[in-house]
1. Output the number of residues of the range 26-55 satisfying the condition of being over 13 Å from the mean Cα position of the chain (by Cα) and more than 17 Å from residue 7 (Cβ to Cβ).
2. In the range 13-39, which residues are modelled with pLDDT under 90 and either among the polar types (S, T, N, Q) or touching a His at 6+ places or on another chain (Cβ under 7 Å) (or both)?
Amino acid sequence: MFETFNLNRAYQFLLVLLAFLLPLTVFGANLIIVIIVLIWLLSGDYATKFRKTVNSILFKKNILSTTYLLSYWRYQLQRYIRT
């Protein structure tokens, strides 16, 4: 049974299960997310995963938008404190 374990197939199944459980129960959705993250962490090949994550455009846009948002909040907080 485990000789034919396909990691991509497991991810697909868990994502479909997550999409089904998301509107029904928060606990079930959180549990599926934890399982997906654990499988991802335990599957190894960390150097390739890190390289893919850092080089992805989505990661770069996320860092840029987070930096902008934090600087905006800091500006608003300073303005609020002065008044």
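1. Here the count works out to 10.
2. 25
The values are calculated or read from the model by the stated rules, or taken from the named source; none is laboratory data. Here the structure is a predicted model, which is why all the values come from computation and not from measurement. Cβ sites come from the backbone with ideal geometry, for glycine too, and all protein chains shown count toward neighbours.
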